[in-house]
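A.B. asks: Okay, here's the structure, questions in a sec.
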Amino acid sequence: MDEIVRQAMAKWPNVPHCVGWLGLDARGRWFLRDDAAQARGPFPQSRGDEIRHEALLAFIARNYAVDARGQWFFQNGPQRVFVELEVAPFVWRVQGDGSVQTSAVQQAGAVRECLLDEHGRLLLACDLGLGLVHSLDMERAAAQVEAGRWTPVEVLSRTLEQRFGYVRSPAQGARQAAAQP
């Protein structure tokens with residue numbers, strides 16, 4: 001986490017969290033979801049505006065973390081911006097040597113499990129967490145499978161959140177909590 005972010009958190013410890021305003025899609029793209037995007041529906045059906053500013057993308061990557069409930073967030077100064085996930089907390093890029101990293105070039109560490117869901121999506125559980133293999137890297141992933149380095153195990157996508165301890169939609173959870181008497 002950036003030092004400037006730590007300082008802002010110490011200076012303003014009680015800034016309300018932000019829910020529903022940031023999304024990560026299955027191709028590793030980040031989206032800002034203003035009121036209009038949120039009114040059109042949940043993520044990813046209503047994505048919002050793609051973030052393309054390289055410095056902002058790098059800032060998000062450096063300050064991306066998970067809370068004790070498995071909700072991923074971007075710590076934006078003193079404010080925690082919870083992330084709506086299309087599939088998983090990470091989208092992996094498979095390198096020519098078989099190593100795995102995020103689109104922000106953060107190393108994922110060792111591949112611990114290789115999973116294939118009912119939609120044909122390949123996911124890898126790595127030291128850093130669970131991530132979806134980017135669609136452009138399926139040929140490289142297939143080479144790892146063919147070489148016997150990864151063995152896909154079939155899994156139902158609806159079981160991934162509980163099994164790997166993450167929340168795909170903090171906004172949905174917040175709406176459900178607000179509806180409780």
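A.B. asks: Does the stretch 49-57 include one or more residues that are outside the structural domain of residue 16 (by TED's automatic domain parsing), at pLDDT 95 or above and surrounded by fewer than 18 Cβ atoms within 10 Å (Cβ to Cβ)?
C.D. replies: No; the residues of the stretch 49-57 include none that is outside the structural domain of residue 16 (by TED's automatic domain parsing), at pLDDT 95 or above and surrounded by fewer than 18 Cβ atoms within 10 Å (Cβ to Cβ).
A.B. asks: It is to be established whether one or more residues within the stretch 89-99 are more than 30 Å from residue 147 (Cβ to Cβ) and aliphatic (A, V, I, L, M).
C.D. replies: The answer is no; no qualifying residue exists.
A.B. asks: Evaluate the following for residue 88: is it at pLDDT 95 or above and assigned to a loop (DSSP other than H, G, I, E, B)?
C.D. replies: Against the criterion (at pLDDT 95 or above and assigned to a loop (DSSP other than H, G, I, E, B)), residue 88 qualifies.
A.B. asks: On to the next question. Restricting to the stretch 60-85, name every residue that is exposed (fewer than 15 other Cβ atoms within 10 Å of the Cβ) and either in contact with a Lys or Arg (Cβ under 9 Å, 6 or more places away or on another chain) or assigned to a strand (DSSP E or B) (or both).
C.D. replies: 65, 67
A.B. asks: Quick one: in the stretch 120-135, of everything that is at negative phi and in contact (Cβ under 8 Å) with a residue 60 or more places away in the chain, which residue is surrounded by the fewest Cβ atoms within 10 Å (Cβ to Cβ)?
C.D. replies: Residue satisfying both the conditions and the ranking: 135.
A.B. asks: Separate question: Of all residues in the stretch 86-116, which are over 17 Å from the mean Cα position of the chain (by Cα) and either more than 14 Å from residue 129 (Cα to Cα) or surrounded by 22 or more Cβ atoms within 10 Å (Cβ to Cβ) (or both)?
C.D. replies: 95, 96, 97, 98, 99, 116
A.B. asks: Further question on the same structure: Here are some residues: 105, 167, 153, 111. Which one is among the hydrophobic types (A, V, I, L, M, F, W, C) and without any contact (Cβ under 8 Å) to a residue 12 or more places away in the chain?
C.D. replies: Exactly one residue qualifies, and that residue is 105.
A.B. asks: Just to verify a result, which residue in the stretch 34-59, among those that are small (Gly, Ala, Ser) and in a loop (DSSP other than H, G, I, E, B), is farthest from the chain's Cα centre (by Cα)?
C.D. replies: 41
A.B. asks: So which residues in the stretch 14-31 are surrounded by 16 or more Cβ atoms within 10 Å (Cβ to Cβ) and free of Cβ contacts under 8 Å to residues at least 24 places away in the same chain, if there are any at all?
C.D. replies: 29, 31
A.B. asks: Residues that are part of a strand (DSSP E or B), of a type in the set (S, T, N, Q) and either touching a Phe, Trp or Tyr at 6+ places or on another chain (Cβ under 8 Å) or over 23 Å from residue 70 (Cα atoms) (or both): does the stretch 92-107 have at least one?
C.D. replies: Looking through the stretch 92-107, at least one residue is part of a strand (DSSP E or B), of a type in the set (S, T, N, Q) and either touching a Phe, Trp or Tyr at 6+ places or on another chain (Cβ under 8 Å) or over 23 Å from residue 70 (Cα atoms) (or both).
The values are calculated or read from the model by the stated rules, or taken from the named source; none is laboratory data. As the structure is a computational prediction, the values presented were derived from the model and not from experiment. A quick note on method: Cβ atoms are made from the backbone with ideal geometry, for glycine too, and the neighbour counts reach across all protein chains shown.
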